[in-house]
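Input: a single structure, listed below in structure tokens.
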Amino acid sequence: MSLLRISTRTEAPRTAIIELDKEVWGTLPMRVLLPFLGCEQSGEISDDRREELLELVFEHHRAGLFDYLAKSEHSEWQCKLFLRRKLLHRYLIDRLIDEAKDKNFLSNDRYAEILIRSLAEMGKSRRYIISKLQVQRIPSTLYEPYLLDYLQRDDSLARLETEVKNILLRCSNLPFIKRKEKVFTTLYRKGWEMDLIRDAWDKALERE
């Protein structure tokens, strides 16, 4: 037997928070939960009813997770945060993540490649891209091959040289030393590495 307790929050009165033996397992809309419970909204429930209830929670949030993944590509970390906001128990979160990966709806590898390609096309720096990947807790062993594919040094240098020229043009009224300071500060804050900025600076000056 398990002790069932149903509660709600003031800001979401139509969403039930499900506790079993004083442990939160997740949420369900009242319209889904009430037909299942009938009159027994709190109190002791049998082990069989407990498993049926947890499976109902699992199936409801599986539909929500798969809908979330259908809208756009997401990382495993984003999916875990999405499910945690639903107050889902860690055991159910792990089950859902595993199932999404098994069905190939969720892939950190695919997410990393798409993110790197997109940011590289936007002209973002290697350091900036890595910071975005680290936020998603994606290991370097997974994303390094894609960085090599999409961030060739020559291409990055050419893009950066263009940025140097644009900054110099915008601050052409400043003294030379101030223009140089503006270029290096701006590009470093954007995530470009200092040695690459120096090379782009030298090339931009050579062609002036």
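The values are calculated or read from the model by the stated rules, or taken from the named source; none is laboratory data. The structure presented is a predicted model; accordingly, all values stated were derived computationally and were not measured. Here the Cβ positions follow ideal geometry from the backbone for every residue, glycine too, while neighbour counts run over all protein chains shown.
Numerical summary
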read-out: Lone unmet requirement of (1) out of contact with any Ser or Thr (no Cβ under 6 Å at 6 or more places or on another chain); (2) of a type outside the set (F, W, Y); (3) surrounded by 12 or more Cβ atoms within 10 Å (Cβ to Cβ); (4) part of a loop (DSSP other than H, G, I, E, B) for G191; value: (1)
read-out: Criterion (within 17 Å of E73 (Cα to Cα) and either modelled with pLDDT under 85 or loosely packed, with under 13 Cβ neighbours inside 10 Å (or both)) met by exactly one of D109, D149, D154; value: D109
read-out: Within segment 104-154, tally of residues that are at positive phi and small (G, A, S); value: 1
read-out: Residue identified as in contact (Cβ under 8 Å) with a residue 60 or more places away in the chain and either farther than 30 Å from R117 by Cα or not assigned by TED's automatic domain parsing to the domain that holds L133 (or both) among G26, G64; value: G26
read-out: Scope segment 9-25; condition assigned to a strand (DSSP E or B) and over 19 Å from H61 (Cβ atoms); matching residues; value: P13
